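To keep things clear, I will list the structure first and then write my remarks on it.
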Amino acid sequence: MPYWKLYYHIVWGTKNGFDFISPAWEKDLYDYLWGKAIALECIPHTINGMPNHLHVVLSVPPKLALAKTIGLLKGSSSHHINENYLDHTFAWQAEYGIFSFAEKSLSKIVSYVQNQKKHHDENTLYSYMEEWK
């Protein structure tokens, strides 16, 4: 088995940027994505977001293609939400942002993602971490 330490901050939004992610089921969405990432043999570090986008901090093993992994996370989570909450009206946009970073930045990026709502409320966003459109 290869030794690897690969860290990614991935951001994607809802289709057309609509505020689809409801507080009533956002935790279930994040828990679902966490479980799916583990099933794909990734290491999730944190997941959080806003009503129209989310952030995933993830370590992806080198045997997985990033685009395919992101596609699986997006596709399976939209299916989960449609089956359980929105009667097939939920969709993610096709685009996403992905940023690699060094292990020494992990705690800073995890903290930023965990405090998404605060950063948006207080307008203390790191613009480079919000690129998903």
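The values are calculated or read from the model by the stated rules, or taken from the named source; none is laboratory data. Quantities reported herein were computed from a predicted structural model and do not represent experimental measurements. Every residue, glycine as well, gets a Cβ built from its backbone with ideal geometry; the counts of neighbours run over all protein chains shown.
Is there any pair linking a residue in segment 1-25 that is closer than 17 Å to GLU95 by Cβ and at pLDDT 95 or above to one that is assigned to a strand (DSSP E or B) and of a type in the set (Phe, Trp, Tyr), with Cβ under 6 Å and at least six apart or on different chains, and which?
As it stands, the answer is HIS9/PHE99; TRP12/TRP92, since those pairs meet every condition given.
Which of the numbered conditions does SER105 fail, given that it passes all the others? Conditions: (1) surrounded by 16 or more Cβ atoms within 10 Å (Cβ to Cβ); (2) touching a residue at least 60 places away in the same chain (Cβ under 8 Å).
All conditions pass for SER105, except number (1).
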